[in-house]
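One structure below.
The values are calculated or read from the model by the stated rules, or taken from the named source; none is laboratory data. Please read all numbers here as calculations on a predicted model, not as lab measurements. Note: ideal-geometry Cβ built from the backbone for every residue, glycine included; neighbour counts use all protein chains shown.
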Amino acid sequence: MNERRTFSVELNSKNHVKNIFLAEGFGEPVLIEGVLGNLEELGMIEGALLEIKGSNGVIRIDLNEEELRSLFKKKESS
């Protein structure tokens, strides 16, 4: 797996952000919560980027189709 996997969260308004928590120490947890709204679309961009669109914004994750299928298979077998 790619340890440097990237992601982005883009919300239409700061009103859709519920919580952002950044701990003070290095290596401490980070929490980002928001309201994506009604799910409108799920798809792959060029087979390499998972995109989840909601009425309030978009989440994009550097995850290709093969990796996504593999993760679903692992989940089903456990």
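Structure notes:
- Within the stretch 1-28, the residues that satisfy the criterion of being at pLDDT 90 or above and either at positive phi or not in a strand (DSSP E or B) (or both) are Thr6, Asn12, Ser13, Lys14, Asn15, His16.
- Selected residue (criterion: nearest to the chain's Cα centre (by Cα)) from residues of the stretch 9-35 that are closer than 29 Å to Glu66 by Cβ and loosely packed, with under 12 Cβ neighbours inside 10 Å: Glu10
- Among residues of the stretch 54-78 that are closer than 30 Å to Val17 by Cβ, those with a beta-carbon under 6 Å from a residue that is exposed (fewer than 13 other Cβ atoms within 10 Å of the Cβ) and of a type in the set (Ser, Thr, Tyr) at least six positions away or on a different chain give the pairs Arg60/Ser8; Asp62/Thr6.
- Annotation note: Cβ proximity below 8 Å between a residue of the stretch 6-30 that is over 16 Å from Lys53 (Cα atoms) and a residue that is surrounded by 10 or more Cβ atoms within 10 Å (Cβ to Cβ) and acidic (Asp, Glu) (sequence gap 6+ or interchain) occurs for Thr6/Asp62; Lys18/Glu33; Asn19/Glu33; Ile20/Glu33.
- Within the stretch 36-51, the residues that satisfy the criterion of being assigned to a strand (DSSP E or B) and either surrounded by 16 or more Cβ atoms within 10 Å (Cβ to Cβ) or touching a residue at least 60 places away in the same chain (Cβ under 8 Å) (or both) are Leu49, Leu50.
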